[in-house]
Amino acid sequence: MALVNENFLKLPGNYLFKDIAKKVKTFKVTHPKTKVISLGIGDVTQPLAPAVIEAMHKAVDDMTNKKTFHGYGPEEGYQFLVEEIIKNDYAPRNIYIEPGEVFVNDGAKSDTGNIGDILNCDNSIGVTDPIYPVYIDSNVMAGRTGDLLNDGKWSNVTYFPCLEENDFIPQLPDHRVDLIYLCYPNNPTGTTLTKKELKKWVNYALENDTLILFDAAYEAYITEDDVPHSIYEIKDAKKCAIEFRSFSKTAGFTGVRCGYTVIPKKVMASTLNGEKTPLNPIWDRRQCTKFNGTSYITQRGAAATYTTEGKEQVRSTIDYYMNNAHTMKAALEKSGLKVFGGVNSPYLWVKTPNDTPSWKFFEEILYETGIVTTPGVGFGPSGEGFIRLTSFGNYEDCLEALDRLATWLK
Ligand code: PLP
């Protein structure tokens, strides 16, 4: 009989958002008359920008004609998109990225999970806590995390707690860690690191031969000047960091699927013999074997986000979500809740009143107001005592949700 990868059996229950979906389904069945409003899952609600739709329609037309038809594309992405990425996302910040350093994908989830394929199973890992669950779960699958302990932590993972007490700023570990996941602006806390804070992590990585896996899926939501949009704004980060980006939250591509990963040619890892080897060609090799590229139609749509109209339209949708975030933050604070995030991020990290456990507060809000949130503890042990709200809803729904919450909290 075939043997199963037993690492998968170590994963607790379901993926967080499946658990939430199940609870919401039960609520809907038992409360058919309640209009449920979701401030829970980080999915967008506003349609694609007109410039994107036009480009995708045109790309479909290309597929109807023998001369402009596209079959398998380059695994690393079409040059027309890679060039726009470099020209718009990096060059204006004085970051020099070569075309061969960008790998277009079908979203950041795939690559933040798959990157472990090219890294030894014995690497030690470190994560900020709370954190986007994919980083931990994908390492559980790879057998890197050890065992799940009673406190909700994995025995071989170093956690960097991000708490109210430390302004959600993680502290450097007092020992060496091989791989460190950082996500800024952060999901779920909605908080960020200043350049000075991020520099400490880059310096740590350079001194300790650590590889930083930097998830910048929410960089488009940054409003403050001192917050880096890319880890490569920090000197020498190109020697120690891989960066993940996504069109999902920037341009509403959660259902279209497109993102990209930057692996600078200078980023090295070591063999067991101590020889340094660049990760860029190894990832390229991995992608050529396991990934057949993001669809032409999708990449044309992504490229359209960089046109003048595309940029304006995308920006106006981001502003719409950030207006929700500001409105929500102000209203929740007025209701007496402590709210973090929501300034450089579409996420609000809300402290539960009277130390109510996250899941209990989640259920109370769901059953008493019909509003879906996300329990903070689902993102890691340090998320206990918080819930996460997203500002990706319709403005009118946000207002209704805030009204219901204000009445309930009185
Ligand atoms: N990274 C973070 C931090 C996220 O919050 C998400 C989605 O919510 C992703 C990556 C996944 O993005 P994508 O839709 O590009 O797979």
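The values are calculated or read from the model by the stated rules, or taken from the named source; none is laboratory data. This one's a predicted model, so the numbers in the text were calculated from it and none came from an experiment. Note: ideal-geometry Cβ built from the backbone for every residue, glycine included; neighbour counts use all protein chains shown. Accessible surface is based on the protein model in full, side chains and every heavy atom, while ligands, DNA and RNA are left aside. Shrake-Rupley method; radii C 1.70, N 1.55, O 1.52, S 1.80 Å.
Some notes on this structure:
- Peptides 98-105, 58-65, 150-157, 187-194 ranked from most to least packed, by the mean per-residue count of other Cβ atoms within 10 Å: 187-194, 98-105, 150-157, 58-65.
- Overall, the accessible surface of the stretch 249-288 at a probe of 1.4 angstrom is composed of carbon and sulfur to the extent of 53 percent.
- Springs between Cα atoms under 10 Å define the GNM used for the chain, and in it the highest mean-square fluctuation of ASP111, ASP19, ASP209 occurs at ASP19.
- Counting only protein heavy atoms and a 1.4 Å probe, the chain has 46 square angstrom of accessible area per residue.
- With both labels modelled 7 Å from their Cα along Cα-to-Cβ, the HIS57 to TYR96 distance reads 4.2 nm.
- Fraction of beta bridges assigned by DSSP in the stretch 53-308 that are antiparallel (%, nearest 5): 40
- Judged by the mean number of other Cβ atoms found within 10 Å, the most tightly packed of the peptides 264-274, 116-126 leads the ranking 116-126, 264-274.
- Of all accessible heavy-atom area on the stretch 70-141, the percent that carbon and sulfur account for (1.4 Å): 48
- The distance separating the Cα centre of the stretch 134-211 from that of the stretch 283-298 comes to 28 Å.
- Between the stretch 318-339 and the stretch 56-76, the C-alpha centres lie 43 angstrom from each other.
- Spin-label model, LEU11/ASP43: points 7 Å from Cα along the beta carbon direction are separated by 1.8 nm.
- In whole percents, the pair-distance distribution calculated for the chain from its alpha-carbon pairs, binned every 20 Å from zero, is 26, 58, 16, 0.
- Phi angles across the stretch 188-204 convert, under the Karplus curve 6.51 cos²θ - 1.76 cosθ + 1.60 with θ = phi - 60°, into 3J(HN,Hα) values of x, 6, x, 8, 9, 10, 6, 4, 4, 5, 5, 4, 4, 6, 5, 5, 4 Hz, Gly and Pro given as x.
- Long pairs among LYS10/LYS249; LYS23/LYS153; LYS266/LYS290; LYS33/LYS410, criterion Cα-Cα beyond 28 Å: LYS10/LYS249
- Residue-averaged 222 nm ellipticity for the chain, from DSSP H runs of 4+ at -39500 (n - 2.57), nearest 500: -11000 deg cm²/dmol
- Distant-in-sequence amide H partners of ASP215 (H built 1.01 Å from N, under 5 Å): LEU182, CYS183, TYR184, PHE244
- For GLY259, nonlocal amide neighbours, meaning residues 5 or more places apart or on other chains whose placed amide H falls under 5 Å from its own, are ASN105, ASP106, GLY107, PHE247.
- The stretch 53-308, relative contact order in percent, only Cα pairs under 8 angstrom and at least six apart counted: 25
- Within the chain: Cβ-based charge dipole about Cα centre, in debye rounded to nearest 20 (Lys, Arg +1; Asp, Glu -1): 620
- Lys/Arg +1, Asp/Glu -1 at C-beta; the chain dipole; positive extreme among MET268, GLY341, TRP201: GLY341
- Cross-link check: pairs LYS18/LYS360; LYS67/LYS87; LYS28/LYS338; LYS35/LYS109; LYS35/LYS351; LYS239/LYS276 evaluated at a Cα-Cα cut-off of 19 Å; pairs beyond the cut-off: LYS67/LYS87; LYS28/LYS338; LYS35/LYS109; LYS35/LYS351.
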